[in-house]
Amino acid sequence: MFGTQAVAADPDWLRYAAAFAPLLAAVIAGWIAWRALAQRREADRRDQWWKRTQWAIDLAMDRDFSRAIVGLVALKHLAASDLCTDEDYEMLDKIGGAKIDALTLSGESARREAAKPPPTEPQRPAPQPPHHETAVPPGAGRTTVIPVPLESRGERVLATSAGMAKVLAEADRLVSFVASRRSGRRGTETGITSNG
């Protein structure tokens with residue numbers, strides 16, 4: 001009985017509650033709208049990040065060394081974004097590793113092909129151009145070999161051109177950067193769970 005007597009004794013609280021109910025509803029609706037807008041903005045940022053990442057991946061995998069360098073540098077820049085997830089880091093690590101593998105395997109197969117002895121069957125000689133066009137610049141028959149240290153793998157590979165060496169170095173930088181970001185993220189996650 002005390003509850004109904006208190007309500008009957010002070011009917012003003014009901015008027016105050018009725019007066020503030022629209023304000024409370026407006027605050028809740030405003031917070032929901034702000035939250036939805038923030039989520040949409042984040043989804044749009046993530047979508048744009050992914051489009052730029054796809055563009056950079058296409059460039060990074062190009063056979064043209066200058067385009068590949070641009071793609072690898074762009075991927076490293078995109079990996080520094082707060083939009084990059086653990087799955088993205090794993091993918092970028094594999095892309096950098098695949099570029100290194102593709103270049104080292106193609107370089108190795110080119111070196112093996114160059115080291116093969118000439119065929120033993122007699123072949124007809126190719127027609128020779130006039131004498132003035134056969135001048136070969138000194139050192140043109142040699143392949144240039146450039147050692148490239150790969151910190152991410154703890155090894156040194158040989159590049160057959162300066163362009164290939166630059167692409168290998170950029171791919172190695174990408175893999176090393178992604179590894180440092182992944183380990184840094186794991187460190188903060190384990191620090192949060194151990195402290196919390």
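The values are calculated or read from the model by the stated rules, or taken from the named source; none is laboratory data. Only a predicted model underlies this, so the values are computations on that prediction, with no experimental measurement involved. Note that each Cβ is placed from the backbone with ideal geometry, even for glycine, and that neighbours are counted across all protein chains shown. These area figures cover heavy atoms from the full protein model, side chains too; ligands, DNA and RNA do not enter into them. Shrake-Rupley method; radii C 1.70, N 1.55, O 1.52, S 1.80 Å.
Using a cut-off of 12 Å between beta-carbons, work out the net charge of the residues near R45 (Lys and Arg +1, Asp and Glu -1, R45 not included).
Spelling it out: positives minus negatives among the neighbours equals +1.
For the full complex of protein chains and a 1.4 angstrom probe, list Y16, Y89 by accessible area with the highest value first.
Sorted by accessible area, descending: Y16, Y89.
How much solvent-accessible surface does S183 expose, in Å² to the nearest 10, with a 1.4 Å probe and all protein chains in place?
60
Enumerate the amide H contacts of A159 below 5 Å, restricted to partners 5 or more residues apart or on another chain; note that Pro and chain-start residues carry no placed amide H.
HN-HN under 5 Å from A159: I146, V148.
Would you mind getting me the FRET efficiency between S183 and R35? Use the beta-carbon distance for r and R0 = 25 Å, nearest 0.05.
0.15
Label-point separation (nm) for A98 and T85, each offset 7 Å from Cα along Cα-to-Cβ?
Label-label distance for A98 and T85, simple model: 1.9 nm.
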